[in-house]
Amino acid sequence: MSDTTAATTIGATLTGAPPAARSSRSGGRMGRVRWWTYLLLGVAAFGSVFPLYWMFIVASTDSATATQMPPEILPGENFFRLAGLVFDTVPFLQSIINSLVIATTIGVGQAVLCALGGFAFAKLRFRGRDALFLVVVLTMTVPTQLAVIPKYMIVSWLGWVDTLQAVAVPGLASAFGIFWMRQHIVTTLNDELIQAARIDGASTWQIFWRIAFPIVRPAAFVLGLFGFVEAWNDFLWPFIVLKSPERFTAQIAIKALQNSFDIDLGLAMAGSFLATLPLLVLFVFVGRKMVNGILDGAFKG
């Protein structure tokens, strides 16, 4: 008798049920759980994809489709015409390039600078470290809108108004990113490894760049992706600080497609869909690595 058969027989004996009946009930329960799981995943996937699909439907027909009853469920034939009109109305390609430059700068900056700040709070000993880290964490409770006026005053004093660095530089580091990397470094980087590096004569920067950062690179990569997506979708701060159409980001260019008296939903949806395509391409190539980085951080410690 095999081990599996013996285990089934013992379980059935203890419960007073025949082995075949007990196995059948277990298989039925697993089948029901699997069915409900797939159903919930399907509903969640549909809820996530449908807004993008509806955006494309409106972008490929006209504004009337957005309020039509019964609604359209199939795309139309006007998408390329409306997409061409988007590029004719605003410098949309330049806006995409501007967004790409800003979002990439912020993503890379957050991955490196937040990892550096997290390393300092996690492994370095200096006066006031815990109090300063508490201040950093408390800043996450402050609404971002409250920082608009001080940031604008600083940017104006530096002479950066209507420049791309006015959007990119304030986002190079974030309190959440420092907190994220600090917690990850605490659970993944051993103090003994740092002490061994110091004995070998490594400086603090060498310890971070050659030992700490390669270890936490997956978490830093995920943080950089979060920063990239947040910068790409940001509207408020670029809308305040950018004035010239040639320096608009993608989100500001979409706003420029609308006039003060009428909103062409088809044109706006075409611009929104075009601005979403780079993010979709990004996640096609790095989605698996992002999930692995999140799970790698979730199972540490």
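The values are calculated or read from the model by the stated rules, or taken from the named source; none is laboratory data. All of these numbers come straight from a predicted model, not from anything done at the bench. Neighbour counts run over all protein chains shown; Cβ positions are idealised from the backbone, glycine included. Accessible surface is based on the protein model in full, side chains and every heavy atom, while ligands, DNA and RNA are left aside. Shrake-Rupley method; radii C 1.70, N 1.55, O 1.52, S 1.80 Å.
A few points about this structure:
- Kirkwood hydrodynamic radius of the stretch 57-128, from inverse mean 1/r over distinct Cα pairs, in Å: 16.6 Å
- Near residue 105, once Lys and Arg are set to +1 and Asp and Glu to -1 for all other residues with Cβ below 15 Å from its Cβ, the sum equals -1.
- Linear extension gain, residue 100 paired with residue 162, 0.36 nm per residue minus alpha-carbon span: 20.6 nm
- If R0 is taken as 22 Å, the Cβ-Cβ distance between residue 229 and residue 256 corresponds to a FRET efficiency of 0.50.
- Solvent-accessible area of residue 281 with every protein chain in place, 1.4 Å probe, in Å² to the nearest 10: 80 Å²
- Accessible surface of residue 230 - all protein chains present, 1.4 Å probe, nearest 10 Å²: 130 Å²
- For the stretch 180-187, backbone phi angles converted through the Karplus equation (6.51, -1.76, 1.60; θ = phi - 60°) give residue-by-residue couplings of 4, 6, 4, 5, 5, 5, 4, 8 Hz, Gly and Pro being listed as x.
- Whole-Hz ³J(HN,Hα) from phi, Karplus 6.51 cos²θ - 1.76 cosθ + 1.60, for the stretch 153-162, glycine and proline x: 4, 5, 5, 5, 5, 7, x, 9, 4, 6
- Within the accessible area of the stretch 36-78 (1.4 Å probe), percent carbon and sulfur: 74 percent
- For residue 90, no residue has an amide H sitting under 5 Å from its own, ignoring neighbours fewer than 5 places away on the same chain, with H placed 1.01 Å from N.
- Net charge, residue 95 excluded, C-beta distance under 11 Å - Lys, Arg +1, Asp, Glu -1: +1
- Charge sum, other residues only, whose C-beta stays under 15 Å from residue 203's C-beta, Lys/Arg counted +1 and Asp/Glu -1: +2
- Long-range HN-HN contacts of residue 173 with modeled amide H, under 5 Å: none
- All Cα-Cα separations within the stretch 132-287 were binned at 5 Å from zero, giving a P(r) of 1, 7, 12, 14, 15, 14, 13, 9, 6, 4, 2, 1, 1, 0, 0, each value a whole percent of the pairs.
- For the stretch 91-114 and the stretch 167-186, distance of Cα centres in Å: 16 Å
- Along the stretch 117-123 the Karplus relation, 6.51 cos²θ - 1.76 cosθ + 1.60 evaluated at θ = phi - 60°, assigns HN-Hα couplings of x, x, 5, 4, 6, 8, 10 Hz to successive residues, with x for each Gly and Pro.
- Largest first, the residues 60, 156, 48 sort by 1.4 Å accessible area into 48, 156, 60.
- As a calculated quantity, the FRET efficiency between residue 243 and residue 139 at R0 = 25 Å, using C-beta atoms, amounts to about 0.30.
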